Structure formats: structure tokens, C-alpha cells
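Every read-out reported here was derived from the displayed coordinates using simple, explicitly stated rules and does not represent laboratory data. It should be emphasised that the depicted structure is a prediction, and the values quoted were computed from it without experimental measurement. Here Cβ is always computed from backbone atoms with ideal geometry, including for glycine, and neighbour counts include all displayed protein chains.
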Amino acid sequence: MIICVVGMPGSGKGEVVRIFSKYGVPHVSMGDVVREEADKRGIPRTPDGMNKVSIQLRQELGDNAVAKLTVPRVKELLKKHGTVIIDGVRSLGEIQTFRNAFPEEEIIIIAVHSSPKKRFERLKTRGRSDDPKTWEDFEVRDQKELRFGIGNVMALADYMVVNENHIDDYKKEIERLARKLGLAKH
């Protein structure tokens, strides 16, 4: 089984990964793939740098470049564990890349939703170099994400988790989902 976690930046995808990982499910971050490519190319991990790398990758490998670079990692982890989480999926084309690469696997899409205000507050405190520092930068980043097609993936998700309230409530919801997917014992 391949579990694709999708959501806007700061929505809480990382918490889904953390909780599922404690049940022995390994994960591949598509964002990490882009950051590693930036490092290889000597491009700084800034919002502009990440955008530049994403554009270069798409020019070199096509629209689903990051998904294509992710496939070998997923393949290796599936052999060892049987289930893998992929976070950072942004487009239906990327989902199709995974379906084509793994036709025998069930692919589950989990969408994480959180309001822009909540997400911006989280991103301000996260401390990653490519996170937006101002509301204007945040809005620009959101528009880029939406142009990638992230909303289309969220609309077709098998499960939707809303992350607006206390972290404990959110964690309980993710735990319920882990049990429903058979990752955690009931």
C-alpha cells in the first residue's frame, strides 16, 4: 500500500507522517527530494531557490519530475516494508506516475486541510529556510502550490483530515485513521 499525504504547506502533513511512522511505516518526502537536488546543484534552500530547482527538474524530466525521482526510493521501501508514506504530492500527474510505477499497489490519498491563518502561524515558527517570512510571501507560495494542482489531488482524496483545533484532537484523528487503514491495532 502507498499512502500519499497531500496538503498545503503548514497544514500538518508532517504529523501524519510522524504518527504513521511509529507503526513502522517508512516515508519518502518529495520536498526532501527537491531540497537534495538543490544541494547537488549548489542552489540555496530559499523559496526562490526551491522554485528554481522545481522548474529545472520539470524542464529536464517533465511535469512529474519529482515523482519520477521518488519512485526508486518508494520501490526499495515497499520491498522491505509493504507500505510506504509519500508526503508532498502536488498534482494528479504525480499520483498517476505512482499508479503507473506501482500498478499492483493500492494507493490511498489522505488530504490534510488547515486554514491559511493557522498554516501561516505554523510556518512562521517551523524554522525551515524555505518557509515564507511574510504574509505576502505566504500568499505567493500558496498560489504556486495551487497552480501545481494540489487542490485537484485534495478533491479526490480517499480521506480528509481537518487540522484546525488543538494538536491533541488532530493526533487522535490521525490515530483513528491509522487504525482504519490497518496500520495500528484496534
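Assorted remarks:
- Ranked Arg90, Arg58, criterion: other C-beta atoms within 10 Å, fewest first: Arg58, Arg90
- Given charges at beta-carbon only (K, R positive; D, E negative), |dipole| of the chain in Debye: 380 debye
- Length-normalised contact order for the stretch 2-180 - Cα pairs under 8 Å, 6+ apart - percent: 35 percent
- Radius 13 Å from Cβ of Leu78, net charge of other residues (Lys, Arg +1; Asp, Glu -1): 0
- Radius 13 Å from Cβ of Leu92, net charge of other residues (Lys, Arg +1; Asp, Glu -1): 0
- Applying a threshold of 32 Å to the alpha-carbon distances of Lys75/Lys124; Lys22/Lys52; Lys75/Lys118; Lys40/Lys144; Lys80/Lys144; Lys75/Lys117 flags Lys75/Lys124; Lys22/Lys52; Lys75/Lys118; Lys80/Lys144; Lys75/Lys117 as lying beyond it.
- For the chain, the membrane-span-like helix rule (DSSP H, alpha carbon extent of at least 18 Å along the helix axis, mean Kyte-Doolittle at least -1.0) picks out 47-61, 65-81; this says nothing about an actual membrane.
- Cβ-based charge dipole, the chain, positive-most Cα from Met160, Tyr170, Ala67: Tyr170
- Electrostatic tally near Gln143: other residues with Cβ closer than 12 Å to its Cβ, Lys and Arg +1, Asp and Glu -1, net -2.
- Going from the fewest other Cβ atoms within 10 Å to the most, the residues His166, His113, His81 appear in the order His166, His81, His113.
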